[in-house]
Amino acid sequence: MANICDEQKQSKWEGKALVELEGAKAEQIWPLLEDFFGLDKWFPTLSTCLPVEGVSGQPGCVRFCAGFKTHVNGSDKLGSLNWTKQKLLSIDPSEMVFSYSIVDGNVGFNSYVSTVKVSAKRKGCQIEWKYEVEPVNGWTLEDLDFFIGSGLKVMAQRMEAALQVFQASMNH
């Protein structure tokens with residue numbers, strides 16, 4: 001039995017994306033990420049993020065995310081939508097970290113679990129996005145790394161830009 005479990009663990013893809021934000025403090029970025037139902041404000045190609053159940057930021061809450069197009073699409077129908085339901089597993093505001101899983105969807109991400117952490121740096125902060133998932137049909141691990149890494153990079157740029165606008169408005 002132990003061998004089967006070991007093989008299943010080894011067959012999971014694991015990856016990590018990291019982005020540094022020099023113009024923002026961890027305490028400024030965390031509230032933007034902590035808003036579990038607000039992912040569509042930041043993640044590129046995501047047009048919808050709606051609460052399904054629970055209270056945003058409380059373990060067990062579920063969000064419905066849709067709109068992102070990936071090169072893997074279970075349906076070739078014109079105008080079909082990619083979607084997932086994601087459940088917040090744990091959150092620790094004092095450590096600025098949360099984890100979530102994809103519990104349903106049509107993008108082929110099975111047993112997907114992700115941990116997102118914000119850390120203070122000497123200049124600014126960093127966001128780390130770790131994930132593991134069963135191998136995804138039609139993808140390589142490099143594809144997934146690129147998808148998450150490029151998405152995180154755009155998220156960081158959007159968050160920095162939003163903070164700059166906010167700070168500029170506070171100075172006037």
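Each reported figure results from applying straightforward, stated rules to the coordinates on display, with no laboratory input. As the structure is a computational prediction, the values presented were derived from the model and not from experiment. Positions of Cβ are backbone-derived with ideal geometry, glycine not excepted, and every protein chain shown enters the neighbour counts.
Key figures for this structure:
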{"read-out": "Positive-pole candidate from S111, W83, T45, dipole of the chain, charges at beta carbon", "value": "T45"}
{"read-out": "Percentage relative contact order, the chain, counting C-alpha pairs under 8 Å, at least six apart", "value": "27 percent"}
{"read-out": "Label-point separation in nm, E134 to K25, each point 7 Å along Cα→Cβ", "value": "4.5 nm"}
{"read-out": "Ranked list, fewest to most other Cβ atoms within 10 Å of each Cβ, for K16, K85", "value": "K16, K85"}
{"read-out": "For D40, D145, order by how many other beta-carbon atoms lie within 10 Å, fewest first", "value": "D145, D40"}
{"read-out": "Whole-Å distance, taken between Cα centres, linking segment 132-164 and segment 86-110", "value": "15 Å"}
{"read-out": "Gain upon complete extension [Q157, N106; 0.36 nm per residue less C-alpha separation]", "value": "15.6 nm"}
{"read-out": "Label-point gap, in nm, between L81 and E95 - each point 7 angstrom along Cα→Cβ", "value": "3.5 nm"}
